[in-house]
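A.B. asks: Dumping the structure here so I can ask a few things about it.
The values are calculated or read from the model by the stated rules, or taken from the named source; none is laboratory data. Please read these numbers as outputs of a predicted model, since none were measured by experiment. Because the Cβ atoms are built from the backbone with ideal geometry, glycine has one as well, and the counts that use them run over all protein chains shown.
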Amino acid sequence: MSSVIDFVSESLKRNPLPRQALREELPSGWKKIESRTKPGTYYYAHPATNRTQVQPPTGTKQVSSNGEDPKNSGKEAEEAARKGAQLAAEKEVEERKRKYQEVEEEAEAEEELVEEEKRRIKAAKKAKELEQKKKQEEAARLEKERKELEAKREEERLQREAEERKLQQELEALAEERRKKEAEVRKKEQEAQRRKAMVFEQHSILQRKLAEDARKKQAEEEEEKKKKAEEEKVQQKDQKSEAEEAERKAKIEKLEAKIWNQKIPDMIEPTSSPCFEVYKSGKLQRTHTLDKDKSSWIIGRGPAGVDIAINNPRISRKHAEVTSQGPLLFLNDLGSTYGTALNKEKLEAKSPVELVNGARFRFGGLPELYVYREPVEEEEEPSSPPVEAEVTGTAMAEDAPDLPPPQPAKPDVPVAPEIDAEAAAAEAAKAAEAAVAEDEARIKRIQQKRQERRAAEAAEKALVAAKKEEEKKKKQERNQRKRAAKEAKAAKKAAQASGSKPGTDRADQAELPGDATPPDAPLPDSCMPSPPEEEPDDLPDLHPGQKQEMPAGDEAEGKSIDFF
């Protein structure tokens, strides 16, 4: 509509109508007001209904100031205005058709690119499926080979175990036969000593049991005391840590309350642009004014790519963003590490919050308090014209000496402003591409950081698992060494018991105090001396505690069998 008005005004300037002393007689309630953005042009307003329009309202009459009838001149002006509007409308329709054709061509090109991208993705997907199929076949082949190898090893192991069991059964049969012979020989000699040995053994067992009970009781008392002392220490330590934590939290809450509730003075000088005032301990440190030419402002550590730089390690490179949507401003946290707080409440990432005048907010938990100040709006001029304009219905050039004089129109060059739509569209496309590229780069950086963090966590888990496995192996080795030491000790004791002389043992037992058995009492079988043993020719040379070595196949496995 503005282009039509400009064209009509230019047409009237090039072909001016004969000057007549005319005035407009408007219907009741209508007023003619001069435009503030385009001096020299007027529009019509109806204050009661809040209606505005460029064309004169219905019922407007042109009245000559000297009483002449301006009917003919008014018709010519209306005809000229109608023709100019029709010509402008035709030009605008042609321009729209041309732009629509360009948009269709761009859409067709974009569809071709999309189809090409689909074909490329389909080919890549097919290649990926083939590769996955090959990998699956290779994995299946390796799994089959692994199972065959495991089956072979299991078969060999079962065969070795069968051979070992067979050999062990043979040796156990020989040992059992030898033990039976020894038992039959010793049984007769041990009957006389069994009772005396039983009495002595019972007495010794009773003494050992009493001593063991006393030792266990003392150990339990010491362990109980030690446990109580440790529990008291742990409880004192926990109480101390809880008190320190409570004191630290109280200090932090007190400091936070002091920062949030610090007294902020009123704004001394009004500002025409929105700004952020930075306070610390109730004193104004600096002021950040937001430029009206921009619609967003980045706050971060910077130094590049930010509008408000805060040089502190608790501030992210791009910490937060302030965006403008009409007359409103919104604060948005860009996923920072230490967050953003508005009026004592932490903001969620990627959730814009509207800023109101006097809003207090902080970045990264720093002691600096930011206060938002809205611009002071200037008083608007009254929309109604002066009394003279209401009476006469128009404002003459003589009544407005402060307006600039009208410039003479150039007949060949149009003065109407032209808007380069292609340049504006190109700039908008460039800005959109830059924003998309920046978002993609930021997403890539975030994904890279996540991958690095996951890799570090996986490496740490692998290291922990390796340490646990190593500790498990060490524990198994210690247990094996302990078991071997116990077996060696038991074998040594058995060898010493079997190698001692029976007569000497009886003499020693007779000298022990507390033996109430009479000298002529028959001894238990366990105390009888063993007769000389005759080893069979076919029995292997084994001694108590000695381990029989396996054949070469068993030596490779590092196994041995202890028969006694």
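A.B. asks: When only residues in segment 493-518 that are in a loop (DSSP other than H, G, I, E, B) and modelled with pLDDT under 50 count, which is surrounded by the most Cβ atoms within 10 Å (Cβ to Cβ)? Write out each step before concluding.
C.D. replies: First pass over segment 493-518, keeping only residues in a loop (DSSP other than H, G, I, E, B): 500-501, 512-518.
From the residues that got through so far, the ones that are modelled with pLDDT under 50 too are 501, 512-518.
Working: 501: 9, 512: 10, 513: 5, 514: 9, 515: 14, 516: 9, 517: 18, 518: 8.
Top of the filtered list is 517.
A.B. asks: Shifting gears a bit: Please name all residue pairs, on different chains or six or more residues apart, with Cβ atoms under 8 Å, provided the first residue is in segment 484-504 and is more than 21 Å from residue 197 (Cβ to Cβ) and the second residue is in a helix (DSSP H, G or I) and modelled with pLDDT of 80 or more.
C.D. replies: Close Cβ pairs satisfying both conditions: none exist.
A.B. asks: Residue 351: in a loop (DSSP other than H, G, I, E, B) and among the polar types (S, T, N, Q), yes or no?
C.D. replies: Yes: the conditions hold for residue 351.
A.B. asks: Still on this structure: Condition first: polar (S, T, N, Q) and farther than 30 Å from residue 298 by Cα. Now tell me which residues in segment 438-485 satisfy that.
C.D. replies: Across segment 438-485, the qualifying residues are 476, 479, 480.
A.B. asks: Output the residues belonging to segment 291-328 that are outside any loop (DSSP other than H, G, I, E, B) and either farther than 19 Å from residue 435 by Cβ or among the hydroxyl-bearing types (Ser, Thr, Tyr) (or both).
C.D. replies: First, pick out the residues of segment 291-328 that are outside any loop (DSSP other than H, G, I, E, B): 296-300, 308-309, 320-325, 328.
Once the filter is applied, which keeps residues that are outside any loop (DSSP other than H, G, I, E, B) and either farther than 19 Å from residue 435 by Cβ or among the hydroxyl-bearing types (Ser, Thr, Tyr) (or both), segment 291-328 yields 296, 308, 309, 323, 324, 328.
A.B. asks: Here's another thing I want to ask about it. Given the structure, is residue 245 assigned to a helix (DSSP H, G or I) and either within 30 Å of residue 367 (Cα to Cα) or of a type in the set (A, V, I, L, M) (or both)?
C.D. replies: yes
A.B. asks: Has segment 369-392 got at least one residue that is surrounded by fewer than 10 Cβ atoms within 10 Å (Cβ to Cβ) and at pLDDT 50 or above?
C.D. replies: yes
A.B. asks: Residues 400, 490: which one is modelled with pLDDT under 75 and either among the hydrophobic types (A, V, I, L, M, F, W, C) or within 30 Å of residue 88 (Cα to Cα) (or both)?
C.D. replies: 400
A.B. asks: Return the pair list, or none, for Cβ contacts closer than 8 Å from residues in segment 46-58 that are outside the structural domain of residue 78 (by TED's automatic domain parsing) to residues that are in a loop (DSSP other than H, G, I, E, B), at least 6 apart or on different chains.
C.D. replies: Nothing qualifies.
Residues checked against (1) among the basic types (Lys, Arg); (2) farther than 20 Å from residue 26 by Cα; (3) at pLDDT 85 or above:
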| position | (1), (2), (3) |
| --- | --- |
| 59 | no, no, no |
| 65 | no, no, no |
| 71 | yes, no, no |
| 76 | no, no, no |
| 80 | no, yes, no |
| 84 | no, yes, no |
| 89 | no, yes, no |
| 103 | no, yes, no |
| 106 | no, yes, no |
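A.B. asks: State which residue is modelled with the highest pLDDT when the search covers only segment 287-305 and only residues that are more than 23 Å from the chain's Cα centre (by Cα) and hydrophobic (A, V, I, L, M, F, W, C).
C.D. replies: Within segment 287-305, the match that is modelled with the highest pLDDT is 297.
A.B. asks: For residue 294, only one of the following conditions fails: (1) surrounded by 15 or more Cβ atoms within 10 Å (Cβ to Cβ); (2) under 19 Å from residue 355 (Cα atoms). What is its number?
C.D. replies: In the conditions (1) surrounded by 15 or more Cβ atoms within 10 Å (Cβ to Cβ); (2) under 19 Å from residue 355 (Cα atoms), residue 294 misses (1) alone.
A.B. asks: Has segment 200-213 got any residue that is of a type in the set (D, E, K, R) and closer than 30 Å to residue 367 by Cβ? First the steps, then the outcome.
C.D. replies: Start the filter on segment 200-213 by keeping residues that are of a type in the set (D, E, K, R), which leaves 201, 208-209, 212-213.
Now drop any that are not closer than 30 Å to residue 367 by Cβ, which leaves none.
Within segment 200-213 (the criterion being of a type in the set (D, E, K, R) and closer than 30 Å to residue 367 by Cβ), the answer is no, since none of the residues qualifies.
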